[in-house]
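First comes the structure, then the notes that go with it.
The values are calculated or read from the model by the stated rules, or taken from the named source; none is laboratory data. Since this is a predicted model, take the numbers as computed values, not measurements. Cβ: placed from backbone, ideal geometry, glycine included. Neighbour counts: every protein chain shown.
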């Protein structure tokens, strides 16, 4: 009987029986559907206005720059304020701003429509910078510790299923709604309102435990978050690895649509099918990982994902057929999940509640800052040489090298021994390091 209960506690069905987590998940499901449609519309809207790879890179930068500029400070307030209120307000603000984007053409007499699109997208991204760290920081308050892998896997699987089901339909919808795609953005606006209503019904308190003193300056509390990361070898490894992946990720994000259009001439519908292929593989990986209460060797899973991504980007850059593109993007889709589930779960397990907002926001800052740099490099490089192939090949090489370096670091420093001990006792990192050093001494003596 105990065994049956234990097995059920890690199941998707069991986690969804938690009504408050189910409300958070429902809001995510609905808003992800709307966002999947509007993100397609935004890509084609901007490309239709400009026909420029550089403009696509600028759009990607505008979508991510607010994280670099504000997320570090936002994290402080996520550790001070009610996270449920933060998420609800973010949803409402996003519902308004996403509706303004397709209206940019009506404001073109004041300044060019593309500049309005950049402005509204920038403001929308600021609201995103509030929502996602608050959501990630809230999950450990809603589920038990042994349910974290399942809860994070369900979250990832939901996102991937939406990406699988929606883009083909969204591609047709986007094609029919040109040139300003207003209805696509309106659907997304409605889904944010539905998400806010679902969040409003969460009963569990999402006020952080051990709220930092407001007498301390915001900058000091940001610095304390950075010190916490630097003092934890596992978190430090995860941060460094993510930073090293970020520039290649930026190049890929900025050049994906221009590359597919220029090299193979994909249509809106075909682009939706490509995205669905990545979502299908991501869904499968999330389902498999979600069946486990504890991921085996999570640091190796994270590190090896870069190698898979590098091979996939090589394939994407050299692909000459639609089938080759689908296969390459399917591999890339699996990589997102391979990184996000173990990374998010480890951070939720290792970071106390009153630091969680700052640490998630800090990861967003450092990753996105390098990613934005990669976007800029990719856009300028492709524009200068008139080709997207060479920047994508460079990104692939970098991904493979970073992955091999990450695997070597985990093995050399025996980080999994440290991680196992820290998960048993979060205060025991020093004990773990001492144990590793003692084992090394014993091996030398036996040798």
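Given the structure, is residue 334 in contact (Cβ under 8 Å) with a residue 40 or more places away in the chain, assigned to a helix (DSSP H, G or I) and either under 18 Å from residue 245 (Cβ atoms) or out of contact with any helix residue (DSSP H, G or I) (no Cβ under 7 Å at 6 or more places or on another chain) (or both)? Outline the logic, then answer.
Working: in contact (Cβ under 8 Å) with a residue 40 or more places away in the chain: yes; assigned to a helix (DSSP H, G or I): yes; either under 18 Å from residue 245 (Cβ atoms) or out of contact with any helix residue (DSSP H, G or I) (no Cβ under 7 Å at 6 or more places or on another chain) (or both): yes.
Criteria met by residue 334.
Do we find a residue being within 17 Å of residue 187 (Cα to Cα) and surrounded by 19 or more Cβ atoms within 10 Å (Cβ to Cβ) anywhere in region 105-118? No, because not a single residue in region 105-118 is within 17 Å of residue 187 (Cα to Cα) and surrounded by 19 or more Cβ atoms within 10 Å (Cβ to Cβ). Selection of region 108-165 for residues being more than 20 Å from the chain's Cα centre (by Cα) and free of Cβ contacts under 8 Å to residues at least 40 places away in the same chain yields 108, 109, 110, 111, 112, 115, 116, 119, 120. When the test is whether a residue is modelled with pLDDT of 75 or more and assigned to a helix (DSSP H, G or I), residue 161 passes it.
Among the residues of region 66-86, which ones are surrounded by 21 or more Cβ atoms within 10 Å (Cβ to Cβ) and within 30 Å of residue 248 (Cα to Cα)? Step through it out loud before you land on a result.
Of all residues in region 66-86, those surrounded by 21 or more Cβ atoms within 10 Å (Cβ to Cβ) come to 66-67, 71-72, 74-76, 78-79, 83-84, 86.
Hits for region 66-86 are 66, 67, 71, 72, 74, 75, 76, 78.
Taking the condition within 15 Å of the chain's Cα centre (by Cα), farther than 29 Å from residue 206 by Cα and either touching a residue at least 24 places away in the same chain (Cβ under 8 Å) or not in a loop (DSSP other than H, G, I, E, B) (or both), does residue 325 pass? Working first, answer last.
Details: within 15 Å of the chain's Cα centre (by Cα): no; farther than 29 Å from residue 206 by Cα: yes; either touching a residue at least 24 places away in the same chain (Cβ under 8 Å) or not in a loop (DSSP other than H, G, I, E, B) (or both): yes.
Taking the combined requirement at face value, the residue does not satisfy it.
Residues that are buried (at least 18 other Cβ atoms within 10 Å of the Cβ) and closer than 25 Å to residue 329 by Cα within region 364-375 comprise 364, 367, 368, 369, 370, 371, 372, 374, 375, listed in sequence order.
Go through region 349-402 residue by residue and tally those that are more than 30 Å from residue 81 (Cβ to Cβ) and not in a helix (DSSP H, G or I).
Applying the first criterion (more than 30 Å from residue 81 (Cβ to Cβ)) to region 349-402 yields 373-402.
Applying the additional criterion that residues be not in a helix (DSSP H, G or I) yields 386-388.
So the answer is 3.
The criterion of at least 1 residues that are modelled with pLDDT under 85 is met, among helices (runs of 4 or more DSSP H) falling completely within region 1-110, by 2-9, 12-16, 19-50, 53-78.
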